[in-house]
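A quick write-up on the structure given underneath.
The values are calculated or read from the model by the stated rules, or taken from the named source; none is laboratory data. Computed from a predicted model, the values in this text were never measured in an experiment. Ideal geometry is used to build each Cβ from the backbone, glycine not excepted, and the neighbour counts take in all protein chains shown.
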Amino acid sequence: MTPRIKITSYANLVNDLLVNLPERERQVLQRRNALGEINQEHTLEQIGRDYNITRERVRQIEREGLRKLKVLDLQRVKAALADLESQINENLQYHGGLMSESHLVEKLLQELDKKERELNALNFLLINLLDERFERIDNLPEYDAIWKLAHVNMDELLAVSQSLKEIIADHGQPIHLEDLMKKFNSNELYSKVEQLKAGNDAIIEALLRARKDVKTNILKQWGLAIWNTIRPKRMTDKAYLIMLREKRPLHFVEVADLINQANFDGKKACPATVHNELILDNKYVLVGRGTYALKEWGYQPGTVSEIIVDILKQEGSQAKQELIDKVLKQRFVQKTTIILALMDKNRFQKQADGRYNLAA
């Protein structure tokens, strides 16, 4: 069962803690960690300059404030921290005993107001007051900061994680989690996952999310972070993922809007730029006025007349209506446009039975 997150306010909990400190210690901790009404972290130098003290003195004040918070004997605050510790433990157990810090924070915030003040407060509590109750590892080059339960064999889980990355790399293209798990089933390390008292999919996801070099795309597929199908940089690659997600032809203006909503990298997509990219890339087929589809969906490039020619070459003579219906599967145009194209006697010939064929 998925761990239940109790609705609370980490910001209020931090305020309840800090109110017990002398004013300067409270202000230093607030400014260093962007707590309360402070909206950005301040450096030791900035704080020292404001108080006319050295950086080292600021550091001492910060350490003293944290020391006092760790030994604070207030029942209500201790109960809230115990509750948070229990939530962390439940989440780690559910995911096999190991999670990236960002993954853990996401789960702890999932039922809360996602305002920055709650995130900053939670990070403060985790890193400064609860880090000694769990193992926090932040010195592995290929991994984000990791939280784990003490009994978990780190080396075994990292070996599983590396194996998952290699399977993805060998696959050569983005892959959904369930398909990745099927490939991993035959791996000799699969038994290590089976031994853990947690859902296999939750364990695999947690291990993948801990890596810096493996990410998901907007289709919820896993792949190497350097792949343009995972972290697209060019506009044409962003448009391609949008098309795959929507599974339908799109006008270039809608493509631009959906790219901006997806917020791949914070860069704004301009409709004119998107249009130019779609025109130049042969992955896309113009199927109507400003409307594009993917060639891999079976759409063929060319004018309406060229589409008709292809149909007649491949399938022979056609009745007028069936020919219209087949063209409309390839192009978003009016029926009159197709009828006008059929009137080109240099290309098409209407037979005595009313069927159309290519002109001799």
Could you tell me whether any residue of the stretch 280-290 is assigned to a helix (DSSP H, G or I), more than 30 Å from D237 (Cβ to Cβ) and under 43 Å from the mean Cα position of the chain (by Cα)? no
Just the residues that are assigned to a loop (DSSP other than H, G, I, E, B) and either touching a Phe, Trp or Tyr at 6+ places or on another chain (Cβ under 9 Å) or of a type in the set (V, I, T) (or both), please, taken from the stretch 249-268. P249
Which numbered condition in (1) of a type in the set (A, V, I, L, M); (2) over 13 Å from the mean Cα position of the chain (by Cα); (3) farther than 17 Å from G288 by Cβ is the only one that V255 fails? (3)
Which of (1) surrounded by 13 or more Cβ atoms within 10 Å (Cβ to Cβ); (2) over 30 Å from K220 (Cβ atoms) does Q314 not meet, given it meets every other one? (1)
Scanning the stretch 201-237 for residues that are over 27 Å from V152 (Cα atoms), assigned to a helix (DSSP H, G or I) and under 17 Å from the mean Cα position of the chain (by Cα) gives D237
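Restricted to the stretch 175-200, and to residues that are outside any loop (DSSP other than H, G, I, E, B) and under 24 Å from D138 (Cα atoms), which residue is nearest to the chain's Cα centre (by Cα)? Don't jump to the end; show me each part of the working.
Just the residues of the stretch 175-200 that are outside any loop (DSSP other than H, G, I, E, B), to begin with: 175-184, 190-194, 200.
Next cut, under 24 Å from D138 (Cα atoms) only: 192-193.
On the way: K192: 27, V193: 24 Å.
Going through the qualifying residues, I end up with V193.
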Quick one: is N263 surrounded by fewer than 13 Cβ atoms within 10 Å (Cβ to Cβ), farther than 15 Å from R248 by Cβ and without any contact (Cβ under 8 Å) to a residue 24 or more places away in the chain? yes
Hey, can you tell me all the residues within the stretch 287-330 that are more than 20 Å from R248 (Cα to Cα), of a type in the set (D, E, K, R) and in contact (Cβ under 8 Å) with a residue 12 or more places away in the chain? K313, K320
Return a yes/no flag: does the stretch 340-347 have any residue that is over 23 Å from W227 (Cα atoms), modelled with pLDDT under 95 and under 33 Å from the mean Cα position of the chain (by Cα). no
Would you mention how many residues in the stretch 163-178 are more than 20 Å from Y94 (Cα to Cα) and either surrounded by fewer than 14 Cβ atoms within 10 Å (Cβ to Cβ) or outside the structural domain of T216 (by TED's automatic domain parsing) (or both)? 6
Out of N20, N15, I need the residue that is out of contact with any helix residue (DSSP H, G or I) (no Cβ under 6 Å at 6 or more places or on another chain) and either part of a loop (DSSP other than H, G, I, E, B) or assigned by TED's automatic domain parsing to the domain that holds I203 (or both). Which one? N20
